[in-house]
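The values are calculated or read from the model by the stated rules, or taken from the named source; none is laboratory data. These numbers were taken from a predicted model, which means no experiment stands behind them. Note that we place each Cβ from the backbone using ideal geometry, even for glycine, and neighbour counts take in every protein chain shown.
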Amino acid sequence: MQLRVKGRANLTEADAVRYAYRLLSYRDRSEKELRERLQRKGFSEDAVLHTVSRLAEKGFINDTTLAASLKRTAEDVKLLGRQGVRLFLRHRGLAEEIIKDICTDTDHEEITRAQKLVDKKLRTMGNYSAEEVKKKLWRFLLRKGYSFDTIMQILKQFKIKEEEA
């Protein structure tokens, strides 16, 4: 397999397909990601279109299933909020319509994830005043993509727990 050719003028459609299979063997990619990688490698526009359509027909590229998988990862592993999940999916090159269809979680699910994230963060925090902890948690949850309402609910719960202790 000769993909590392200095003069990229002799890259064929077969090379594009092999390169795409190699990229997909590492991780799933969106149609946009794959198209960009093939173009960056120097394949012609026709080769890129042919390769992407061929892989989509065979089921190797499916943005809807990729979006569902990435959403689960963003929520369960990264513990991102609703906006964080949307941004994560957008960075992976998924269409806005697919993101809207996939992102239909409830406030309760978001609050549960935020509580889990706060509990995890509190274990690693040093000795700070209660006010400083709240500020840090506020900024942390905001960076993770949680809404204002969710953050307020979590910090209210934090205040109640603080008073009980």
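Listed values, structure above:
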item: Helices (runs of 4 or more DSSP H) (entirely within the range 8-102) containing at least 2 residues that are under 30 Å from ARG139 (Cβ atoms) and in contact (Cβ under 8 Å) with a residue 40 or more places away in the chain; result: 82-91
item: Subset of the range 91-108 (residues that are of a type outside the set (Val, Ile, Thr) and touching a helix residue (DSSP H, G or I) at 6+ places or on another chain (Cβ under 8 Å)); result: ARG92, GLY93, LEU94, ALA95, GLU96, ASP101, CYS103, ASP105, ASP107
item: Single residue of the range 35-54 satisfying the filter (in contact with a helix residue (DSSP H, G or I) (Cβ under 6 Å, 6 or more places away or on another chain) and aliphatic (A, V, I, L, M)) that is farthest from ALA20 (Cα to Cα); result: ALA47
item: Of all residues making up the range 96-149, the number that are over 16 Å from the mean Cα position of the chain (by Cα), under 17 Å from LYS78 (Cα atoms) and among the hydroxyl-bearing types (Ser, Thr, Tyr); result: 3
item: Verdict on ARG82 being within 30 Å of ARG29 (Cβ to Cβ), in contact with a Cys (Cβ under 9 Å, 6 or more places away or on another chain) and outside the structural domain of ARG29 (by TED's automatic domain parsing); result: yes
item: All positions within the range 69-86 that are over 19 Å from LYS116 (Cα atoms) and loosely packed, with under 15 Cβ neighbours inside 10 Å; result: SER69
item: In the range 18-34, residue farthest from LYS71 (Cα to Cα) [restricted to those that are in contact with a helix residue (DSSP H, G or I) (Cβ under 7 Å, 6 or more places away or on another chain) and crowded, with 19+ Cβ neighbours inside 10 Å]; result: TYR19
